[in-house]
Amino acid sequence: MVEKVVEVINRAGIHARPAAMIVKVANQFESEIFMEKDKMKINGKSIMGIITLGAAYKSVITITTEGPDEKEAAQAIECLFLNKFEE
């Protein structure tokens, strides 16, 4: 299991487009991917789950991956956050 803590650094937060980007990347991996914010844990492969997190600017999210490609999955999701979802 790999766990990474990321911060939403794009001003608009996680709205539909960033959520879709996360799901697109997450679905490239076999591992299970979960995201947690304020004790709410959702499936990282579910666009509706990600949107319901309500992650605004400066929100802190814990990404947990588990499976055969867990390290690569966690790294790929973390890169989206670090690149501000290309906004």
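Just so you know, all these numbers are worked out from the coordinates, no wet-lab data involved. Model, not experiment: these values are computed from the prediction. When we count neighbours, we look across all protein chains shown, and the Cβ atoms used for this are built from the backbone with ideal geometry, even at glycine.
Overall size of the range 2-86 from C-alpha positions, given as principal axis extents largest first: 33, 27, 20 Å. Per residue of the chain, the DSSP helices (runs of n ≥ 4 H) give a summed -39500 (n - 2.57) that works out to -10000 deg cm²/dmol at 222 nm.
Take the chain, mark every one of the trypsin sites (Lys or Arg not before Pro) that falls in a DSSP loop and has at most 10 other Cβ within 10 Å, then report the longest stretch left between them, sites excluded. Result, exposed sites excluded: 59-87.
Using R0 = 30 Å, the C-beta based FRET efficiency linking Ala12 and Thr62 works out to 0.90. When the chain is treated as a Gaussian network with alpha carbon springs shorter than 10 Å, the biggest mean-square fluctuation among Ala12, Ala26, Ala73 belongs to Ala12.
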